[in-house]
Amino acid sequence: MLKTLGVGHIDQLISQTIPEDILSKEPLNITQPKGLSEYDFSQHIKELGKNNTVFKNFIGLGYHDTLMPAVIRRNIFENPGWYTAYTPYQSEISQGRLEALLNFQTMIAEFTGMEIANASLLDESTAVSEAMTMFFNSRNAKQKEANRRKFFVSEDVLPQTIAVLKTKAEPLEIEIVIGDDRQVDLEDGFFGAVMQYPEKFGAIKDLSTFVDVAKIYDVKVCVSADLLALAILKPPGDFGVDVVVGSSQRFGIPIGFGGPHAAFLATKEEYKRFIPGRIIGISKDANGDIALRMALQTREQHIKRDKATSNICTAQVLLAVMAGMYAVYHGFDGIQKIAKGIHLKTAKLNNVFEKMGIQQLNKIFFDTLLIKVNSEKVKSLAEIYSYNFNYIDDSTISISLNETTTHEDVTHIIQIFSKAEDKKYKEVDNDSVHINPHLLRKDDILTQDVFKKYHSETEMMRYIKSLEKKDLALNHSMIPLGSCTMKLNAASEMLPLGYSNWTDIHPFAPSNQWEGYRQLISDLENCLAEITGFSATSVQPNSGAQGEYTGLRVIQKYHLSRGENHRNICLIPESAHGTNPASATMSGMKVVVVKTTMKGEIDIQDLRQKANLHSKNLSSLMITYPSTYGVFEDNIKEVTKIIHDHKGQVYMDGANMNAQVGLTNPFIIGADVCHLNLHKTFAIPHGGGGPGVGPICVATHLAEFLPSHPLVKTGGAKGLEAISAAPFGSPLVCLISYGYIKMLGNEGLKASTETAILNANYIKQRLSEHYPILYSNANGRVAHEMIIDCRGFKKNGIEVIDIAKRLIDYGFHAPTVSFPVIGTLMIEPTESESKEELDRFCDALINIKSEIEYNPEIIKNAPHSLKILTSNDWGYSYSREAAAYPLPYLKTHKFWTPVSRIDDAYGDRNLMCTCPSVEDFQS
Ligand SMILES: *Cc1c(COP(=O)(O)O)cnc(C)c1O
């Protein structure tokens, strides 16, 4: 490959690619030079895991022990066919995960009693904050005129949610009012409110009193609900609330020290244009058959940019898929049985306590009791059984039961309290439901076929397989998505995700139980700081966009600390990813767009001018490096200097870090803060659109502003209250990035970057005779990705999307379409692909080029589903063979698309976002 590029050594290629003045002088020195072997790593991570102590968790507060059905574990959680898939933008080859997500949406809508649900959000706390901003932005003219800016938060809402709300409200000048919902005067300038159901310590209240008053004053109500409790409780929708959010963790997802878990947001039809995140909808394909795709708001930030009201991009798709499958497997009856079982055990515990004369404060409850006892005594006894309770203060404890709680556990808990209080107990058999009849759920939900048919393992296994087969993931062929870095997610990195001393740790457990996590996270944070050249890291943000928001807020805190609160201008190049301007606006900044030159570089004249113009109010520049055009711009140091000269800060979007690791870094180029996408550069699988981890790394002067957490001290002294629900975001998947770094070692990390750059330049070399390559540096080199221009084919009647669809017939997922330049494809091969695979991909694109010239119809009709290929009336000018097997390699690499081209516009005109029932098909 080097020879093809006319260079003798990889160093020569790198020096032609990366500007001399930013190459690292020192080699990486963060771990062993060679890295651990797979065997050594597996031993190491097991040893480290022993520093975590697994207790049974009765802490609750949004996290519960669960049972992941083995059929879901083996066929989804541990299956690259599911976890290596990309976000389902190419809907024709994503029908499997789209169906799984439609199941999730249906399940959420029905459990919450709402009309429509998304799939999905990052965690319960950020979901509440999304609801808050959704209400704020959908205020009517009168409310805006009256400047209604107050958001009421019941004091019974989870503490981590309150902290996230405070963080998010501040820059939008929303006033958070925390209090007793029975006393608040909603007439006084409120636009919205949130209640917890059941409350944080388990009490259940009839929501109707509050909701009815809120309606009178046109205050919108969000309820943060426990999904499992809704199996037996009257759903919030029946009280007339506007939004229901929550976490789906209890549906078979491990706690994992706080994440990743999928949150949900369900609402009424009237809000459908305001819903953050992705929504799967039903449409049809070219044959008129039902087909699924992501609905309109899918690319909200890319279309609306600084007008966008949410920056959610990567969400928690794999976890949403799994939670939806939990509902498919158990059905409503099964889940109700689980919920009832938990409730009856809780009721029994309550009855015994009552008989013993122990005070229990929750009159109505689902799974949680609030008990007045001597906490110290209980604590020392509970430790003997390895039980974690929630010790609220010296005399108050809450205990939350869950799916894993056995009758034996209940007996143990009784014994603990009996001993602590020195009171005798009597077993009671007569346990009955402890919820007032009018608060019980009475309807029958999940009546659709899909929730009825797959309750045996055989059927379930085959259903999951039938969906998997419809999807093209990395286990079939390369997914050359520019900016998204779809690299190998090595099995050796993934295996520890199933180990119980990593999965079963509660985020609010005593710190001596998670010493292993503490070591792993602190080691990973240090490695990432070294890799970026910075001094401190926070892994709390749950996605890249969340990292952007966090980094920008850190910058604002810094300006504030210097008495420069007025600095609120954020310069962003026009080529930026849509989340950049969206995050800046959400941080309370004004976005000023900087032009790009014809060569694809930031327009330095324009930058200088705008920095001058806004000098006094300049907050920051947000820049992606290498640029979103896939080039290491020569003048980057000059760019960052201009910003610093005006006392601004430089935020580097680290999505392209795969071109930097070990060769250069954000600190060298002059940035002050960056986020990393661990689900791109550091090998966390994309999961069909999440999980994600978007840590931020900062220079010394910003470290004190890193996000903290109300229950576990993290971050800096003057830090943001919290960015995520969990103190360390999604720690379970941090194991993957940790393994990636440990097994590659210093040398392997650098070699990966070099290989990624080599692979990209090799593709460029092969394609440049056939397609215009939009940008490269003065030496003709691209970084780790490149843009090929397809606008010239309009004269042949071919749009870029046609090429993307034809690639499916060739067994490939399309590169990134129309980002950052409309009408182009952005190709990023990563270091994980062999020369054979790169050649197959180039051969495909080269062959497509000749089809564009000689046979454009074959491209227009793509992709060719089996239904089209086997139809009787084949009316096309080309053969079936040419359609299905245009190149010889397809004899062994064919992927059959389950549907033909999908009509996006049809689906947006007829938005339908839950599983169809029989009537829908008839109408
Ligand atoms: C992927 C990406 C983001 C957003 O990251 P998410 O994890 O999806 O939120 C931001 N900027 C760029 C350039 C990206 O490629």
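Taken as a whole, the condition of being over 19 Å from ALA491 (Cα atoms) and either crowded, with 21+ Cβ neighbours inside 10 Å or out of contact with any Phe, Trp or Tyr (no Cβ under 9 Å at 6 or more places or on another chain) (or both) applies to SER15. Being in contact (Cβ under 8 Å) with a residue 24 or more places away in the chain, open to solvent by 10 Å² or more (accessible area, probe 1.4 Å) and out of contact with any Cys (no Cβ under 6 Å at 6 or more places or on another chain) is the requirement here; does ASN665 meet it? Against the criterion (in contact (Cβ under 8 Å) with a residue 24 or more places away in the chain, open to solvent by 10 Å² or more (accessible area, probe 1.4 Å) and out of contact with any Cys (no Cβ under 6 Å at 6 or more places or on another chain)), ASN665 qualifies. Checking each residue in the range 313-331 for being assigned to a loop (DSSP other than H, G, I, E, B) and out of contact with any helix residue (DSSP H, G or I) (no Cβ under 7 Å at 6 or more places or on another chain) picks out ALA315, GLN316.
Only one of the listed residues (TYR463, TYR549) is in a helix (DSSP H, G or I) and farther than 21 Å from MET657 by Cα. That residue is TYR463. Can we say ILE623 is buried (at least 24 other Cβ atoms within 10 Å of the Cβ) and more than 16 Å from the ligand (Cβ to nearest atom)? Here the answer is no, as ILE623 does not meet what is asked. Scan the range 530-573 for residues that are under 25 Å from the mean Cα position of the chain (by Cα), under 23 Å from LYS610 (Cα atoms), more than 13 Å from the ligand (Cβ to nearest atom) and not hydrophobic (A, V, I, L, M, F, W, C) and the total you get is 2.
Table: residues versus (1) of a type in the set (Ser, Thr, Tyr); (2) at positive phi; (3) touching a helix residue (DSSP H, G or I) at 6+ places or on another chain (Cβ under 8 Å).
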| residue | (1), (2), (3) |
| --- | --- |
| GLY6 | no, yes, no |
| HIS9 | no, no, no |
| LEU23 | no, no, yes |
| THR31 | yes, no, yes |
| LEU36 | no, no, yes |
| TYR39 | yes, no, no |
| GLU47 | no, no, no |
| VAL54 | no, no, yes |
| GLY60 | no, yes, no |
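Comparison of ALA127, ALA119, ALA141, ALA146 shows that the only residue that is touching a Gly at 6+ places or on another chain (Cβ under 8 Å), open to solvent by 40 Å² or more (accessible area, probe 1.4 Å) and among the small types (Gly, Ala, Ser) is ALA146.
Does ALA315 fit the bill of being farther than 22 Å from THR84 by Cα and modelled with pLDDT of 90 or more?
Answer is no for this residue.
Inspect all residues belonging to the range 315-334 and state whether any of them is away from the ligand (no atom under 16 Å from the Cβ), free of Cβ contacts under 8 Å to residues at least 40 places away in the same chain, at negative phi and of a type outside the set (Phe, Trp, Tyr). Checking the range 315-334: at least one residue is away from the ligand (no atom under 16 Å from the Cβ), free of Cβ contacts under 8 Å to residues at least 40 places away in the same chain, at negative phi and of a type outside the set (Phe, Trp, Tyr). Screening THR314 against (1) more than 17 Å from the chain's Cα centre (by Cα); (2) buried (at least 22 other Cβ atoms within 10 Å of the Cβ) leaves a single unmet condition, (1). Among the residues of the range 683-715, those identified as within 14 Å of the ligand (Cβ to nearest atom) and either closer than 15 Å to THR537 by Cα or in a strand (DSSP E or B) (or both) are VAL693, GLY694, PRO695, ILE696.
Would you point out which residue out of ILE397, ILE416 is aliphatic (A, V, I, L, M), assigned to a strand (DSSP E or B) and touching a helix residue (DSSP H, G or I) at 6+ places or on another chain (Cβ under 6 Å)?
ILE397
Of the helices (runs of 4 or more DSSP H) entirely within the range 76-143, those holding at least 3 residues that are touching a residue at least 12 places away in the same chain (Cβ under 8 Å) and in contact with a strand residue (DSSP E or B) (Cβ under 8 Å, 6 or more places away or on another chain) occupy 95-112, 124-137. A search for C-beta distances below 9 Å between a residue of the range 565-588 that is closer than 25 Å to PRO626 by Cβ and among the charged types (D, E, K, R) and any residue that is modelled with pLDDT under 95 and within 15 Å of the ligand (Cβ to nearest atom), counting only pairs 6+ apart in sequence or on different chains, returns GLU574/THR596; GLU574/PRO820.
Would you check if LEU495 is open to solvent by less than 10 Å² (accessible area, probe 1.4 Å), outside any loop (DSSP other than H, G, I, E, B) and either free of Cβ contacts under 8 Å to residues at least 24 places away in the same chain or away from the ligand (no atom under 16 Å from the Cβ) (or both)? No.
Where in the range 173-275 are there strands (runs of 3 or more DSSP E), lying wholly inside it, with at least 1 residues that are basic (Lys, Arg) and modelled with pLDDT of 95 or more?
220-225
In the range 63-72, is there at least one residue being in contact (Cβ under 8 Å) with a residue 12 or more places away in the chain, under 24 Å from the mean Cα position of the chain (by Cα) and closer than 30 Å to PHE812 by Cα? Within the range 63-72, one or more residues are in contact (Cβ under 8 Å) with a residue 12 or more places away in the chain, under 24 Å from the mean Cα position of the chain (by Cα) and closer than 30 Å to PHE812 by Cα. I want to confirm something. Restricting to the range 660-671 and keeping residues that are touching a Gly at 6+ places or on another chain (Cβ under 8 Å) and outside any loop (DSSP other than H, G, I, E, B), which single residue is nearest to the ligand (Cβ to nearest atom)? Out of the qualifying residues, it is PRO666.
The values are calculated or read from the model by the stated rules, or taken from the named source; none is laboratory data. Everything quoted here is computed from the prediction, not taken from an experiment. We place every Cβ from the backbone using ideal geometry, glycine too, and count neighbours over all the protein chains shown. The protein model used for the area step is the full one, side chains on, heavy atoms only, and it has no ligands, DNA or RNA in it. Shrake-Rupley method; radii C 1.70, N 1.55, O 1.52, S 1.80 Å.
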